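Since the structure comes first, as structure tokens, the remarks are kept for the end.
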Amino acid sequence: MALQVLSVASEAVPLVKTGGLADVVGALPAALAPHEVAMTTLLPGYPAVLGSLAGTAKGKRKPKPLHEWPSLLGEPARLLAGTLGVGGPPLLVLDCPALFGRDGGPYADPAGRDWDDNWRRYAAFGRAAADIGAGAVKGLAFDLVHAHDWQAAMTLAYLRFAPPPGAKVPPGVMTIHNMAFQGFYDGAVFPRLGLPQSAWAMDGVEYHGGVGMLKAGLEAAAAITTVSPTYALEIREREFGMGLEGLIRSRGDKVRGIVNGIDVAEWNPATDPALAANFTAKTLAKRAGNKRALEAEFGLAHEDGPLFIVVSRLTWQKGIDVLCEVLDHLVGLGGRLALLGSGDPALVAELEAAARRHPGRIALKIGYDEALSHRMQAGGDAILVPSRFEPCGLTQLYGLAYGCVPVVARTGGLADTVIDANLAALAVDAATGVQFAGVDYANLARAISRTVALYRQPDVWRRLQRAGMAADFSWKASGAAYAALYRELVGVPA
Ligand code: ADP
Ligand code: GLC
């Protein structure tokens with residue numbers, strides 16, 4: 001019998017995405033299916049998610065609720081069923097119009113400001129998820145609950161401190177996709193969470209006098225994972241643990257790093273419908289068509305030098321401020337840059353100033369565009385990922401799959417997935433990219449210089465591209481690792 005797992009998250013492709021979390025949550029059900037794990041995903045009922053349910057029912061009939069909560073932290077809510085994409089894996093949707101029926105992103109209003117009741121939105125989400133996970137909804141039974149990031153973390157706290165009456169509480173896995181976002185709120189919200197006073201404890205939801213949602217989930221979890229082995233080690237230290245390093249250390253080797261895979265059907269340069277020219281490792285010359293198309297799309301000069309790309313949230317985490325500092329250097333070496341991203345207005349302004357200084361050499365698209373991100377990986381020569389920390393990172397993996405050589409900071413998943421083009425690695429054709437340690441002007445500038453030098457040796461460059469494209473970044477190994485962890489916790493032999 002397949003293991004029944006409830007995956008709880010605040011975003012998942014193809015319905016709602018602000019970052020890599022959505023790629024991973026969307027890919028997990030298919031990654032687990034070959035391992036006798038049946039995964040159902042629970043999402044909040046944002047307008048786009050509810051809209052997809054109407055699509056599933058072909059607009060003919062309204063979906064019938066599986067369950068109703070007269071008062072979920074004070075608001076009426078219902079549980080609806082659908083699929084994650086047309087013909088996709090099973091989906092549950094928490095329809096609670098007062099909390100999730102809003103325009104804007106999942107976490108912020110249309111102007112980009114975080115909703116000030118996010119604590120209540122995601123506490124209610126966790127409360128409902130705990131009820132569902134513990135079998136309070138007729139017809140649904142789960143062996144294990146898997147919560148992703150702080151927005152889902154309260155699920156495990158409710159299961160621990162306030163399970164539905166008479167429930168058999170399933171074990172919980174808490175996955176950290178980013179320690180920088182912890183869901184930390186004023187202690188005044190505690191009485192409104194519907195938790196017993198016993199939860200207000202140092203090993204409960206209390207954190208520095210406030211409510212720590214990720215912390216509460218980590219304390220309640222039977223197992224903690226994060227999205228790369230290096231990040232699993234890094235978060236034991238203050239710089240990366242962001243206050244939770246002590247808790248992580250106290251869990252010893254129970255904190256595992258399972259590296260993310262990519263959806264190799266969605267990200268395959270041989271078949272990708274978004275590209276001007278499809279190609280494989282054997283037909284790399286065809287990439288030139290994509291490069292020309294990309295130059296035209298960004299209004300960049302046609303030149304022989306390397307075309308760097310960036311596809312990123314524009315934030316401090318991603319090192320975009322340091323990127324801005326090195327752009328004159330990059331152009332001075334004969335490089336060009338096409339950047340797609342959105343985020344911090346101050347960084348956008350700096351990037352725009354650089355684009356004005358270097359017309360035809362630096363060009364930007366500020367916004368979010370999934371198809372363009374594919375065309376960039378196919379047409380760019382190298383992708384820059386100068387992150388200060390990176391739990392896993394997906395854009396370097398897409399770059400590897402598309403022959404767009406990654407230039408990455410040696411941290412987190414970037415350290416685990418890119419092999420630096422040092423002499424030893426080049427000698428055995430193992431190198432797949434360029435790594436640098438320490439995100440500052442000098443180190444990034446040196447990495448870009450090294451990259452340009454490698455690019456100017458076409459034979460070496462092609463070997464880098466081919467080695468990257470040959471690497472396996474499918475979910476095969478990581479799907480097996482999650483399945484093994486689930487079985488260990490549930491006590492079912494593999
Ligand atoms: P993070 O989740 O920290 O933002 P990841 O590298 O794990 O970083 O995932 C980012 C995901 O979002 C990737 O799928 C990337 O292609 C995508 N992405 C980021 N910014 C944009 C954008 N402006 N347009 C399209 N896709 C984007
Ligand atoms: C987070 C991290 C990123 C990771 C993604 C998916 O957004 O910042 O490094 O790839 O989650 O796990």
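Key figures for this structure:
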| read-out | value |
| --- | --- |
| So residue 342, is it within 16 Å of ligand 2 (Cβ to nearest atom) and either β-branched (Val, Ile, Thr) or under 18 Å from residue 451 (Cα atoms) (or both) | no |
| Residues satisfying the stated conditions in region 316-339, i.e. open to solvent by 40 Å² or more (accessible area, probe 1.4 Å) and within 16 Å of ligand 2 (Cβ to nearest atom) | 316 |
| Residues that are surrounded by fewer than 24 Cβ atoms within 10 Å (Cβ to Cβ), touching a strand residue (DSSP E or B) at 6+ places or on another chain (Cβ under 8 Å) and closer than 23 Å to residue 173 by Cβ, drawn from region 200-211 | 206, 207 |
| Flag for residue 327 being aliphatic (A, V, I, L, M), assigned by TED's automatic domain parsing to the domain that holds residue 449, at pLDDT 95 or above and within 16 Å of ligand 1 (Cβ to nearest atom) | no |
| Close pairs from region 17-40: first on the phi > 0 side of the Ramachandran plot, partner away from ligand 1 (no atom under 16 Å from the Cβ) and assigned to a strand (DSSP E or B), Cβ under 7 Å, at least 6 apart | 36/3 |
| Extreme residue, farthest from ligand 1 (Cβ to nearest atom), among residues of region 402-414 that are of a type in the set (Val, Ile, Thr) and not in a loop (DSSP other than H, G, I, E, B) | 405 |
| Qualifying positions in region 278-319 - free of Cβ contacts under 8 Å to residues at least 60 places away in the same chain and either over 22 Å from residue 401 (Cα atoms) or in contact with a Gly (Cβ under 7 Å, 6 or more places away or on another chain) (or both) | 296, 302, 303, 304, 314, 315 |
| Selection count, region 31-43, where residues are out of contact with any Pro (no Cβ under 7 Å at 6 or more places or on another chain), crowded, with 20+ Cβ neighbours inside 10 Å and not hydrophobic (A, V, I, L, M, F, W, C) | 0 |
| Selection from region 223-233 of residues that are open to solvent by 30 Å² or more (accessible area, probe 1.4 Å) and out of contact with any Gly (no Cβ under 6 Å at 6 or more places or on another chain) | 233 |
| Enumeration of residues in region 382-401 that are more than 14 Å from residue 319 (Cβ to Cβ) and either within 11 Å of ligand 1 (Cβ to nearest atom) or open to solvent by 10 Å² or more (accessible area, probe 1.4 Å) (or both) | 391, 392, 394, 397, 398, 399, 401 |
| Hey, residue 111 farther than 21 Å from residue 179 by Cβ, among the aliphatic types (A, V, I, L, M), surrounded by fewer than 17 Cβ atoms within 10 Å (Cβ to Cβ) and out of contact with any Lys or Arg (no Cβ under 6 Å at 6 or more places or on another chain) or not | yes |
| Residues that are closer than 21 Å to residue 452 by Cα, outside any loop (DSSP other than H, G, I, E, B) and touching a helix residue (DSSP H, G or I) at 6+ places or on another chain (Cβ under 7 Å), drawn from region 365-396 | 376, 377, 378, 379, 382, 383, 384, 385, 396 |
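The values are calculated or read from the model by the stated rules, or taken from the named source; none is laboratory data. All figures in this text were calculated on a predicted structure; none of them were measured in a lab. Positions of Cβ are backbone-derived with ideal geometry, glycine not excepted, and every protein chain shown enters the neighbour counts. Just so you know, the surface numbers come from the protein's heavy atoms only, side chains and all, with ligands and any DNA or RNA stripped out. Shrake-Rupley method; radii C 1.70, N 1.55, O 1.52, S 1.80 Å.
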